[in-house]
Amino acid sequence: MFIIGELINGMYANIASALKERNKKIVQDCAREQVAAGADALDLSCGTASKNPLLDMPWLVETVQEVTDKPLCLDSSKPKVIEEGLKAAKNKTIINSTTADREKLEILVPLAKKYNSKLIGITISSKGIPQNKDQRLELAAQILDYVNEAGFAVSDLYLDPIVMPVNVAQDQMKDILEAIAEFKMLCEPAPQTIIGLSNISQGAKHRSLINRTFLTMAVASGLDSAILDPKDKELMDTLIAAELILNKNIYCDSFLDAYRKK
Ligand code: THG
């Protein structure tokens with residue numbers, strides 16, 4: 001599992017104030033802690049409250065890459081904000097994200113090619129969030145068609161079925177899990193799959209329990225990558241155990257310690 005740490009996000013009060021005050025230490029500590037906890041990459045989002053994301057995003061990129069070489073996942077709904085992040089990045093990058101809308105694909109696929117970046121394609125469109133598996137698959141196929149036409153490597157594309165909070169869309173959870181499995185069958189070589197895990201428990205109690213239970217199910221459905229809180233130790237232990245049971249890691253009595261040291 002390719003783990004992308006979610007904690008550098010202006011949605012969190014500490015990061016919002018670090019952005020305002022240009023406090024590098026808060027952001028750099030958050031980056032180091034997530035990497036120490038097992039993050040393979042770091043999501044960077046200025047959050048919706050940011051007044052100046054065109055300046056905040058490159059500042060986040062520069063600040064984080066002073067302390068880690070891990071890939072940076074540039075998270076914004078605004079292509080211009082992503083581009084400012086790409087310009088500032090020395091580390092590898094993942095664009096987060098394009099939707100299935102042609103006007104977004106037309107900007108972000110060429111940007112991904114130009115900057116040699118990976119790309120997340122999220123299965124939403126200007127018509128809104130899909131309500132079932134078939135709509136998710138249709139939007140995924142639209143993204144794949146465009147990417148293939150543009151000559152962007154499908155192996156560098158991550159498809160995201162868009163995880164909804166369980167307290168508002170409980171009837172969609174099974175469809176989301178099935179979409180993860182079926183995205184992989186849409187073409188050869190297969191695209192990768194990704195989710196924003198914590199969406200599922202927004203506004204709910206027992207968040208960590210809901211997150212780790214869903215992650216286990218998604219791993220069994222073939223999920224390749226997740227944006228999550230790597231500092232949630234029970235979540236990370238559950239992930240390691242799930243991958244062990246799926247024969248992705250070798251069993252030994254001390255498998256948790258052994259995997260964490262990797
Ligand atoms: N897909 C993709 N990218 C994404 C998402 C996705 N990026 C953003 C988001 N979803 C993933 N990241 C988060 C980060 C935090 C939370 C949820 C998802 C979260 N935050 C607390 C909350 O809202 O309750 C904040 C609590 C606080 O303020 O301290 O849950 O799906 N491609």
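Things worth noting here:
- Hits in region 131-187 - residues which are among the polar types (S, T, N, Q) and either open to solvent by 60 Å² or more (accessible area, probe 1.4 Å) or under 13 Å from residue 121 (Cα atoms) (or both): 131, 135, 142, 148, 155, 167, 170
- Residue count for region 146-175 satisfying the condition of being over 23 Å from residue 74 (Cα atoms) and touching a Phe, Trp or Tyr at 6+ places or on another chain (Cβ under 9 Å): 2.
- Subset of region 188-208 that is open to solvent by 30 Å² or more (accessible area, probe 1.4 Å) and of a type outside the set (Gly, Ala, Ser) - its residue that is farthest from residue 5 (Cα to Cα): 188
- Number of positions in region 62-76 that are surrounded by fewer than 21 Cβ atoms within 10 Å (Cβ to Cβ) and within 16 Å of the ligand (Cβ to nearest atom): 1
- Complete set of residues in region 92-105 that are touching a residue at least 12 places away in the same chain (Cβ under 8 Å) and open to solvent by 20 Å² or more (accessible area, probe 1.4 Å): 92, 101, 102, 104
- Among residues of region 231-244 being of a type outside the set (Lys, Arg) and within 24 Å of residue 30 (Cβ to Cβ), the one that is most open to solvent (accessible area, probe 1.4 Å) is 234.
- Residue that is farther than 20 Å from residue 219 by Cα and at pLDDT below 95, where the choices are 149, 188, 138: 188
- Within this structure, residue 79 passes the test of being within 15 Å of the ligand (Cβ to nearest atom), without any contact (Cβ under 8 Å) to a residue 40 or more places away in the chain, at negative phi and not acidic (Asp, Glu).
- Qualifying positions in region 209-230 - closer than 13 Å to residue 245 by Cα, of a type in the set (A, V, I, L, M) and either open to solvent by 30 Å² or more (accessible area, probe 1.4 Å) or within 12 Å of the ligand (Cβ to nearest atom) (or both): 217, 220
- Cβ-Cβ contacts under 9 Å between residues 6 or more apart (or on different chains), taken from a first residue in region 40-55 that is crowded, with 21+ Cβ neighbours inside 10 Å to a second residue that is basic (Lys, Arg) and assigned to a loop (DSSP other than H, G, I, E, B), are listed as 41/70; 41/92; 42/70; 53/78.
- Count of residues meeting criterion [touching a Lys or Arg at 6+ places or on another chain (Cβ under 8 Å) and of a type in the set (Val, Ile, Thr)] in region 1-45: 1
- Counting only residues that are more than 15 Å from the ligand (Cβ to nearest atom) and not in a loop (DSSP other than H, G, I, E, B), region 176-208 holds 3 of them.
- Filter result for the condition that a residue is of a type in the set (S, T, N, Q) and touching a Cys at 6+ places or on another chain (Cβ under 8 Å), over 91, 148, 167, 132: 148
- Any hit, region 85-108, residues being under 30 Å from residue 248 (Cα atoms) and of a type in the set (Asp, Glu): no
The values are calculated or read from the model by the stated rules, or taken from the named source; none is laboratory data. Just so it is clear, the structure is predicted and the values come from calculations on it, not from any experiment. Don't worry about glycine lacking a Cβ; one is built from the backbone with ideal geometry, like all the others, and counts go over all protein chains shown. All accessible areas refer to the heavy atoms of the entire protein, side chains included, with ligands and DNA or RNA removed. Shrake-Rupley method; radii C 1.70, N 1.55, O 1.52, S 1.80 Å.
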